[in-house]
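Okay, so here's the structure we're looking at.
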Amino acid sequence: MRKKNIRLIIGIILILVMTALFALLPKIYNNNFLLFNIMLYIALAEGLNLIYGFTGYLPFGYVGFFGIGAYSASLLILLLHVGVVPAILLGGVAASIVGIILTPLLRLSGAYFAIANLAASQAIYYIISNPHLENITQGPYGIMLSSVYDATASYNAMLIVMFFAFMLVLFFRQSRFGLSLMAIREDSITASVAGVNVVLARTIAWLLSAFVAGLCGGVFAWYTSVFYPETVFSLNISIFAIVFVLFGGAATLIGPLIGTVILYGMYNFIGISTPQYFQLIYGLLIVMLIMFLPNGVVSLFKKVKDYVP
Amino acid sequence: MSLLEVQSLESGYKILKVLWGIDLNVEQKERVILLGVNGAGKTTLLKAIMGLLKIFNGKIYFEGKDITHLRTDKRVKLGIAYMSEIGIFPNLTVDENLELGAFFLDSKLTHQRKQQMYEYFQDLLSHKKALAGSLSGGQRKMLGIAKLLMSNPKLVVLDEPSNGLSPKFVKLIINILDDLQNKEQFSILIAEQNIAFLDFAQRGYVIDNGKVVVSGNLSDLKSNNIVKKAYFGIEN
Ligand SMILES: Nc1ncnc2c1ncn2[C@@H]1O[C@H](COP(=O)(O)OP(=O)(O)OP(=O)(O)O)[C@@H](O)[C@H]1O
Ligand SMILES: [Mg+2]
């Protein structure tokens, strides 16, 4: 009992420190765009962690929820003149609704789920970018949200979404609900005979994960203010989030955080200036990781201490 | 009214019918053994009772309530606990395994039951934080049984608990089950091939090719020719 509380407090402190850090950094470091993107990927990685880390489903189409969030929020603002914040929240809800429609995919396992989810995200992309829908989605011509542009407010919105994503992961990590998810990931039959409602628990994790990506999409749309369907449905977004989670260590709070900071940092410092080296180093790093540290960087800490936040 | 009553049950996998009309019942505090050769359908019957397989025909009642099509976790909440041949989560700790055994109880009750289990199984207490996968085969069975009893079940369903254990450990498991059943007063339905369990039970069924071929109390079973041939015949 006691120990549980201590772990909870450590987690909360960690989250507060990270949030405070990103709140203060813009004052001393002027690459606001980079800071925003790091937060965005931390939130996406933590959101993906909810479904991958705690249930084992690898959502290659995760970007679909991100794109849905971006488009739903934008269209609510542009067409229905909904306020920015409610529009972003509804963007998250829209992503969850798509998640509900896609729940039958959870019956597939392993690679089949990953591929079907990828296909679903591409289908959404083709619907939204269809020129026939120009009157509604602007089709391939993209969205312009400059009327509500606000760099500071949208940065702070990202901060809140990142905080929220962290809190969800902490909840998954410390609650009996999270334990039941890990039991399902291990062996769903044994979990069901322990009295766990397997379908419900999986679905909740899936919808929360989609919700986080939807929120990220909405805030991203607000921050960038101009984007195209291929920007917010780029498969790279899924791949980045997946690689960051795997690199850092799934099913922990700090794993996706570490993965994002290290790999996204590298991507920005050497990837953009010297992409040829970057690809090489990145590729090697990932191969080495899978060979020697299949459970991510956090498994190094686990050798020293059995519990890592 | 029987605690568990299975009537003309037909079930199996997808379109493959394995059980061809099974009738079986378990009374309050009774110990019932299910015998049968490999592939007879013992595991299939237990899974069907737990709601893990589609029921093609027939009925299952628990305390008079029709549970034929009830979801697995709801059956568990009614008081049926099941240990499959695996039974535990190897990548979770001993403590987490126990916690999951009583997933639907509130945390205070869970805590109480956990203390009780650690009292019954002292060996588990010293491995509280260890991953269940790092336990020995015998310890895993102990953990499986402790996890099973966490929820204070009315009926305990066990699938070959002796599987892979040395004769010494089989004896130990039987003693533990015997002792715990006296203390906690649950009923037991146990599928076994190990003849050592015969004396543990009060009544039994022999199934073959998905049908009950012999049933009765212990002395009936022991004197039955089919049982003699199948079990005592190969004993030595
Ligand atoms: N998952 C499955 N899919 C299809 N058929 C199966 C499956 N599991 C078991 N069967 C078949 O059902 C029949 C009964 O198997 P079951 O596992 O119930 O036997 P058992 O009595 O438990 O045997 P054992 O003593 O070996 O555990 C067998 O013919 C088996 O081939
Ligand atoms: Mg079997």
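Computed quantities for the displayed model
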| read-out | value |
| --- | --- |
| Segment A:Leu34-A:Val304, extension gain: residue separation times 0.36 nm, minus the distance between their alpha carbons | 93.9 nm |
| Distance between the stretch B:7-38 and the stretch A:187-219 - C-alpha centres, whole angstrom | 34 |
| Sites B:Ile195 and A:Leu235, calculated FRET efficiency, Cβ-Cβ separation with R0 56 Å, nearest 0.05 | 0.40 |
| Gyration tensor (alpha-carbon) shape descriptor, the stretch B:38-145, a/c threshold 1.5 | oblate |
| Estimated FRET transfer efficiency when R0 is 35 angstrom, pair A:Leu24-A:Ile100 (beta carbons, to 0.05) | 0.35 |
| Cα gyration tensor shape for the stretch A:3-234, rounded if a/c is under 1.5, else prolate or oblate | oblate |
| Paramagnetic label zone (point 7 Å from Cα along Cα-to-C-beta, B:Ser2; backbone N under 20 Å) in the stretch B:60-96 | B:60-70, B:75-76, B:78-83 |
| Gained length - B:Asn217 relative to B:Asn175, 0.36 nm times residue gap less alpha-carbon distance | 13.1 nm |
| Tensor-based shape of the protein assembly as shown (alpha-carbon gyration tensor, a/c under 1.5 rounded, otherwise prolate or oblate) | prolate |
| The stretch A:35-93: radius of gyration and largest Cα-Cα distance (Dmax), Å | 13.2, 39 |
| Protection proxy ranking, peptides B:157-163, A:113-119, A:143-149, average beta carbon neighbours within 10 Å, highest first | B:157-163, A:113-119, A:143-149 |
| 10 Å Cβ neighbours from other chains, averaged over peptide B:70-81 | 4 |
| Whole-Å distance, taken between Cα centres, linking the stretch A:57-91 and the stretch B:65-80 | 40 |
| Helix-only [θ]222 nm of chain B, DSSP H runs n ≥ 4, -39500 (n - 2.57) each, per residue, nearest 500 | -10000 deg cm²/dmol |
| Most mobile of A:Ile254, A:Ile13, A:Ile100 in a GNM of chain A (Cα contacts under 10 Å) | A:Ile13 |
| D_trans [Stokes-Einstein, Kirkwood Rh over alpha-carbon pairs] for chain B, 20 °C, 1.002 mPa s, µm² s⁻¹ | 118 |
| Nonlocal amide H pairs with B:Leu3, under 5 Å, H built at 1.01 Å | B:Val26, B:Glu27, B:Gln28 |
| Förster radius 30 Å - calculated FRET efficiency between B:His111 and B:Tyr13 (Cβ-Cβ, nearest 0.05) | 0.15 |
| Within the stretch A:10-92, chymotrypsin sites (Phe, Trp or Tyr not before Pro) in DSSP loop having at most 15 other beta-carbon neighbours inside 10 Å | A:Tyr29 |
| Within-12-Å neighbourhood charge of B:Glu27 [Cβ basis; K, R +1; D, E -1] | +1 |
| Surrounding net charge for B:Phe186, when Lys and Arg each add one and Asp and Glu each subtract one, Cβ distance under 11 Å | +2 |
| Nitroxide proxy distance, nm - points 7 Å out along Cα→Cβ at A:Asn135 and B:Lys59 | 6.0 |
| 222 nm mean residue ellipticity, helices alone, for chain A (DSSP H n ≥ 4; -39,500 (n - 2.57); rounded to 500) | -25000 deg cm²/dmol |
| Shielding of A:171-180 by partner chains, average beta-carbon count, 10 Å | 2 |
| In range of the label at B:Asn38: residues from the stretch B:153-168 whose backbone nitrogen is under 19 Å from the point 7 Å along Cα→Cβ | B:159-167 |
| Mean Cβ neighbour count within 10 Å, used as a protection proxy, ranking B:121-133, A:192-204, A:284-296 highest first | A:192-204, B:121-133, A:284-296 |
| Per-residue mean of C-beta atoms belonging to partner chains within 10 Å, peptide A:192-204 | 6 |
| Residues with amide H under 5 Å from that of B:Val18, placed H, sequence gap 5 or more | B:Ser11, B:Gly12, B:Tyr13 |
| Local net charge near B:Ile173, Cβ-Cβ under 15 Å (Lys/Arg +1, Asp/Glu -1) | -2 |
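Rule-based calculations on the coordinates, nothing more; no lab input. Predicted model only: the values in this text are computed from it and were never measured. Quick reminder, even Gly has a Cβ in these numbers, built from the backbone with ideal geometry, and neighbours come from all protein chains shown.
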